[in-house]
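Report on the following structure.
The values are calculated or read from the model by the stated rules, or taken from the named source; none is laboratory data. Here the structure is a predicted model, which is why all the values come from computation and not from measurement. So basically every Cβ, Gly included, is an ideal-geometry build from the backbone, and we count neighbours across all protein chains shown.
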Amino acid sequence: MTRQNRSLTTSAVIPGRISDVSLVLRRWRIRDAYALSRLVGENLEHLRPWMPWIEVEPVSLLSRTEMIRGWEKERREAGDLIVGVFVGGQPVGGAGLHRRRGPQILEIGYWIGAKYTGMGYATRAASLLTDLAFSLPFITRVEIHHDRANIASSRVAQRAGMVFVNEATKEIAAPGESGVEWTWAMTRAEWLEARGSG
């Protein structure tokens, strides 16, 4: 494969929707702006220990609308995918696939509102995003990164079938963090084997 063809392949747009029997992950739409603002607003203290972006919250509805437009523009330009996690048509959290680890790796991010935790939504979202990531033929590895102190994220990674690969020091970006980042990963071969397709 030529360098040009490889570049075109690895810059494919990530599909904006995936679902299972009752959980839907789809790109945020402009009409979701109020519901997203409300969900974030109800969870400021729940998210503050782990999510650096919560420091800019709350934002205006206009700013939220612009965020959503920006996320979709980025997705269409073969960038990150930012989605809502929906149950029965209502948002219960957010998630995404991020390209910051290299051209053949996607990193999963997720958050679930406090009153929806303990229901398996984060684990199911991580599993769905893993399937979505590996639907792109150039992706060879999917990762989850979180601070060592975030025990809930460790459980999500384990239950989603990820393997712990290493820890490294990092700059503290949110008040609950310890400064040690844990990395979990799944390779395409492991994903295929888990689905009986290897």
Of the numbered conditions (1) under 18 Å from Leu128 (Cα atoms); (2) modelled with pLDDT of 95 or more; (3) in contact with a strand residue (DSSP E or B) (Cβ under 8 Å, 6 or more places away or on another chain), Leu47 satisfies every one except a single condition; which is it?
(1)
Got at least one residue in region 185-197 being closer than 14 Å to Leu106 by Cα, over 16 Å from the mean Cα position of the chain (by Cα) and not in a helix (DSSP H, G or I)?
yes
Listed residues Arg27, Arg99, Arg31; which is exposed (fewer than 15 other Cβ atoms within 10 Å of the Cβ) and modelled with pLDDT of 95 or more?
Arg31
Answer yes if at least one residue in region 151-158 is buried (at least 16 other Cβ atoms within 10 Å of the Cβ), in a helix (DSSP H, G or I) and either at pLDDT below 95 or aliphatic (A, V, I, L, M) (or both), and no otherwise.
yes
Odd one out for Leu132, checked against (1) out of contact with any Pro (no Cβ under 8 Å at 6 or more places or on another chain); (2) crowded, with 21+ Cβ neighbours inside 10 Å:
(1)
Specify the residue that is nearest to Thr130 (Cα to Cα); the eligible residues are those in region 165-198 that are surrounded by 13 or more Cβ atoms within 10 Å (Cβ to Cβ) and in contact (Cβ under 8 Å) with a residue 60 or more places away in the chain.
Trp191
Exactly one of Ser154, Ser135 is touching a residue at least 60 places away in the same chain (Cβ under 8 Å), on the phi < 0 side of the Ramachandran plot and of a type in the set (S, T, N, Q), and that one is Ser135
With the first residue restricted to region 77-89 and required to be touching a residue at least 60 places away in the same chain (Cβ under 8 Å) and among the small types (Gly, Ala, Ser), and the second required to be surrounded by fewer than 17 Cβ atoms within 10 Å (Cβ to Cβ) and not in a strand (DSSP E or B), Cβ contacts under 8 Å at 6 or more apart or on different chains are Ala78/Ser11; Ala78/Ala12; Ala78/Val13; Gly88/Ser22
Residues satisfying the stated conditions in region 71-129, i.e. among the aliphatic types (A, V, I, L, M) and either part of a helix (DSSP H, G or I) or under 15 Å from Met186 (Cβ atoms) (or both)
Leu97, Ile105, Leu106, Ile108, Ala114, Ala122, Ala125, Ala126, Leu128, Leu129
Among the residues of region 46-63, count how many are under 20 Å from the mean Cα position of the chain (by Cα) and assigned to a helix (DSSP H, G or I).
7
